[in-house]
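The values are calculated or read from the model by the stated rules, or taken from the named source; none is laboratory data. Keep in mind it's a predicted model, so treat the numbers as computed, not measured. Because the Cβ atoms are built from the backbone with ideal geometry, glycine has one as well, and the counts that use them run over all protein chains shown. Remember, those area values only see protein heavy atoms, side chains included, never the ligands or the DNA or RNA. Shrake-Rupley method; radii C 1.70, N 1.55, O 1.52, S 1.80 Å.
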Amino acid sequence: MDIVIGRESGNRRLQVAANSKVLTLGAVGCVPLNVSRQHCCLSVLPNGNMSIQNLQARNVTYVDGVAVNKAQITKNSRVELGPDRYLISVNSICASLGISLAPVFSLSSLEPLWDEYDKERLRIQTEGQKSMNIQRLQGMISALGMLCFFIKEMQAYRFVCIAVSI
């Protein structure tokens, strides 16, 4: 969302415009004349990131005491307009427009870690299944060796089966 911030003509209050809303904030005459009517644009992204940019080359905006044309800001940044450094409150402006500046949390940075965990878990499961299959095969060969013990014609294979299973 883009918010245009400037001086109201006539009454010299702070004027804030976003979408179709136009609000005036502060007392009459509180905004210096060196703040233009459309001084800067505050951009608020859905993820909570914000930036501020001058709308005219002759405008000056200060962020945390440094003159900028465009800068990334936070809800705690100190933003001042014009050479007289008229202080504005980003929190108050956003609150008056109904914009929440609550931090937005994202788990996308954990995705590579999850993928690595998932691959390792799958590898461990596969190794466990291989081990279980080998044990099952050993059991089947031992059982075959025991079966050969009871069948006279197959007694010669009994030792082979037991040796293989071991």
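When residues in segment 75-97 are screened for being surrounded by fewer than 15 Cβ atoms within 10 Å (Cβ to Cβ) and over 16 Å from TYR62 (Cα atoms), 3 of them pass.
In segment 140-159, is there at least one residue being of a type in the set (Ser, Thr, Tyr), open to solvent by 80 Å² or more (accessible area, probe 1.4 Å), at pLDDT below 80 and assigned to a helix (DSSP H, G or I)? Checked segment 140-159: at least one residue is of a type in the set (Ser, Thr, Tyr), open to solvent by 80 Å² or more (accessible area, probe 1.4 Å), at pLDDT below 80 and assigned to a helix (DSSP H, G or I).
Only residues that are among the polar types (S, T, N, Q) and over 30 Å from ASN47 (Cβ atoms): list them for segment 107-129, please. Scanning segment 107-129 gives GLN125, THR126, GLN129.
The numbered conditions (1) in contact with an Asp or Glu (Cβ under 9 Å, 6 or more places away or on another chain); (2) at pLDDT 90 or above; (3) open to solvent by 20 Å² or more (accessible area, probe 1.4 Å) are all true for THR24 except (2).
In segment 11-103, counting only strands (runs of 3 or more DSSP E) that sit wholly within it, the ones holding 2 or more residues that are in contact (Cβ under 8 Å) with a residue 12 or more places away in the chain and in contact with a helix residue (DSSP H, G or I) (Cβ under 9 Å, 6 or more places away or on another chain) span 14-18, 21-25, 40-44, 50-54. If you go through segment 18-42 and keep only what is more than 15 Å from ASN54 (Cα to Cα) and among the aliphatic types (A, V, I, L, M), you end up with ALA18, VAL22, LEU23, LEU25, ALA27, VAL28, VAL31, LEU33. Checked against the criterion of being surrounded by 13 or more Cβ atoms within 10 Å (Cβ to Cβ), more than 22 Å from LEU97 (Cα to Cα) and among the polar types (S, T, N, Q), the candidates ASN34, ASN54 yield just one match: ASN34. For LEU122, the conditions (1) within 31 Å of the chain's Cα centre (by Cα); (2) under 30 Å from GLU8 (Cα atoms); (3) not hydroxyl-bearing (Ser, Thr, Tyr) are fulfilled apart from (2).
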